[in-house]
Amino acid sequence: MYEKDGKQYYIFDGHLHFWDASPENWKPGAEEYAKGWIECFHAYHGLGPADTQWSLEKFQKYSADDFERDVFVNAGTDCGVLQSTYLREWYTDGFNDFARNVTLLERFPGKLIVNGRFDPREGQASMEQLEADHEKYGLKGVKLYTAEWYQGSRGWKMTDDAAKPFFDKLVELGIRNVHIHKGPTIWPLDKDAFDITDVDHVATDYNGELNFIVEHVGLPRIEDFCFMATQEPNVYAGLAVVLGGLMHARPNFFNKVMGELLFWVGEDKILYGSDYGIWEPKWQIDGLLEWEMPDRPEYSDYPRLDEDGKRKILGLNGAKLYGVEVPEALRGPVPAEAPASPESAVGVAG
Amino acid sequence: MSLRAGVLRALGTVFDPELDEPITDLGFVGRCAVGEEGDVEVLLRLPTPQCAPNFAFLMAADARDAVGRVPGVRDVRVELIDHYTGREINTAVARGEGFSEAFPGETRGQLDALRELFQRKALVARQGRLLASVPEPERACLGELSGPDAVRCRALRLELGIDASDDAPAFVRGDGTPVGSDELVRFRRTASLTALSLETNGGMCRDLLAVRYQDHDTEEVAV
């Protein structure tokens, strides 16, 4: 729970990492890529406020104590989702794999959800791992990184034939949330590396069965993302990078990007994600709560975001997708169209 | 005009195909050395080591071609630095080869379709900024538009094979068909979102480049 100006907010962080990119984990022969990757992340880190910036050394590998302080103590996160990113071709033990994320589950029981992953190019082994992880941890979601390098391949698409059995398996197991990150290395290299049309196809095929959370709102293809999300009821916008990368560094762009998202996607389908450790969560939460669309002519076309909308984005939307219960007192007012129930009456009175 | 000025001017005609801005404005030209004999060396640098290889290739190849056309230039060497596919790109560009030769087996062809897709996006985005400059956009002709966006629109239309004469309709969709009066509201929204996407990406690229190469040009730009 995050408290600001005497008001309390439920915080559901849909995008957290716990990586090890220290030189000891750089894969022999691939040091150049491992180093380049984390330095690129560190450059993004540099877009946040100066007093929240870390040295490259700390950024390469932060501790569980850092995680606890930044995510839980300072930002009041009630529940967060750890997203796995493997990159095993560059990092010996993986950049931020499932096994590493799970170590935090034990330390912070009830406060974290770890998402699984699959890669259709790994075939049956990946399928078995997904099933085993689900059996042990009861997965509620997966993170897909379609730009991952694998044995000479520089990426895959969700519409590949090999991917379908995996999506069917998610439906069978009741794993409903699919987070997608697009990176700049999709095969074939002569096509748009950030093309999101595969999300469009799969979202249509699995409407009513799977939710697709497009991380970083499709940046740098926000226009394609918005045109798609407005038509697909099961496509959601993950705010990671929009807050961290724009709110401080480019406030005018932030206003406009938020305005477009509110117009095309709507406040019910936007999810907060800090992308920690790229950026600390506290300043992002604080900034969104303070943010208002400026009253200027160039913003007159955009919807406004009120306190209830901010509650949804910062917590209620994510909690709903993951079936996490939010304490009555933090749910905000009951929407006008929803019938009042005895439970909500208790919440209002309390 | 000195040879160096001519070379720089030529580099200013090379656009980032994704952002629709000159590589010189974006800070992607890290160094440009012009020898007395007309040998030119251009270092290109990008915001991240993982920037998309297809666009990186186009910029490097376009830079080589543009500089090579400047009278007085004897030899051009373009080097993309600090990029994970720099070696492949530099080798292919130096040999005057196409993209598919740089990455055998990883492409389905050349980059023409990709470039065209982004030219269409750029055209829509540029027009979005011009809509307010005429009283009745659905009746306006191309010749009535002026300023840098109008100049760029005309160039993009020529490259895309869309009528770019003065009396052609001022506002066209990405496929070249004129925007009708009943489509204006949607066209304006689509164009402004597309423009925002390009501008936001450009802003992010400038910021990352500044952090990467420790420049000090991180002031917020007017949008």
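Under Stokes-Einstein, with the Kirkwood radius over Cα pairs standing in for Rh, what whole-number D in µm²/s applies to region B:61-158 at 25 °C and 0.890 mPa s? D = 148 µm²/s.
When the alpha carbon gyration tensor of chain B is reduced to an equivalent ellipsoid, the three semi-axes, largest first, read 33, 19, 18 Å.
With a ≥ b ≥ c the root eigenvalues of the C-alpha gyration tensor of region A:244-331, is it rounded (a/c under 1.5), prolate (a/b larger than b/c) or oblate? Taking the square roots of the gyration eigenvalues as a ≥ b ≥ c, region A:244-331 is oblate. Proximity of backbone amide H atoms, modeled 1.01 Å from N, is registered between A:Glu148 and A:Trp156 at under 5 Å, excluding neighbours fewer than 5 places apart on the same chain. Helix A:31-45 versus the longest principal axis of chain A: what is the Cα-based angle in degrees, 0 to 90, to the nearest 10? Roughly 10 degrees, rounded to the nearest 10.
Computed over the alpha-carbon pairs of chain A, the distance histogram in 10 Å steps reads 5, 25, 36, 26, 8, 1, 0 percent, short to long. Of all lysines in the structure, those lying under 22 Å Cα to Cα from A:Lys136, and not within fewer than 8 positions of it along the same chain, are A:Lys111, A:Lys169. Residue ranges B:171-180, B:140-149 sort as B:171-180, B:140-149 when ordered by packing (mean number of other C-beta atoms within 10 Å per residue, highest first).
Helix A:281-290 axis versus longest C-alpha principal axis of chain A: approximately 30°, rounded to the nearest ten. Taking amide H atoms as placed 1.01 Å from N in the peptide plane, the amide H of B:Val172 lies under 5 Å from those of B:Val179, each 5 or more residues away in sequence or on another chain. Residue by residue along A:40-47, Cβ atoms of other protein chains within 10 Å of the local Cβ number 5 on average.
Across peptide B:204-214, the mean count of Cβ atoms from other chains lying within 10 Å of each residue's own Cβ comes to 4. Need one word for region A:171-298: rounded, prolate or oblate. Basis is the Cα gyration tensor (sqrt eigenvalues a ≥ b ≥ c); a/c below 1.5 gives rounded, then a/b vs b/c decides. Judged from the Cα gyration tensor, region A:171-298 comes out prolate (a/c at least 1.5, a/b above b/c). Take every DSSP beta bridge whose two residues both sit in chain B, then give the antiparallel share in percent to the nearest 5. Of those bridges, close to 60 percent are antiparallel. Here the scattering of region B:3-102 is modelled by Debye summation over its C-alpha atoms, one equal scatterer each and no solvent; at q = 0.14 Å⁻¹ the log10 of I(q)/I(0) is -0.45. Peptide A:217-230 has a mean shielding of 4, counted as Cβ atoms of other protein chains within 10 Å of each residue's Cβ.
A straight Cα-to-Cα reach below 30 Å connects B:Lys121 with the lysines A:Lys143, A:Lys157, A:Lys182, A:Lys191, A:Lys256, A:Lys269, residues fewer than 8 places away in its own chain not being considered.
Considering amide H positions built from the backbone, and no H for Pro or chain starts, which residues 5 or more places from B:Asp39, or on another chain, come under 5 Å of its amide H? Excluding prolines and chain starts, which carry no amide H, the hits are B:Arg74, B:Asp75. Listed by chain and number, the aspartates and glutamates placed with their C-alpha closer than 13 angstrom to that of A:Lys7 are A:Asp286, A:Glu290, A:Glu307, A:Asp308; residues fewer than eight positions away on the same chain are left out. Sorted on the mean count of surrounding Cβ atoms within 10 Å across their residues, most packed first, peptides A:286-294, A:142-150 read A:142-150, A:286-294. With the highest mean first, a sort of the peptides B:18-24, A:23-29 on other beta-carbon atoms found within 10 angstrom per residue produces B:18-24, A:23-29.
For region B:127-188, the Kirkwood radius over C-alpha pairs fed into Stokes-Einstein at 20 °C and 1.002 mPa s yields D = 187 µm² per second. Once Rg and the Kirkwood radius are both taken over the C-alpha atoms of region A:58-197, their ratio Rg/Rh works out to 0.98.
Since every read-out is calculated from the coordinates, none of them should be taken as a lab result. This one's a predicted model, so the numbers in the text were calculated from it and none came from an experiment. Because the Cβ atoms are built from the backbone with ideal geometry, glycine has one as well, and the counts that use them run over all protein chains shown.
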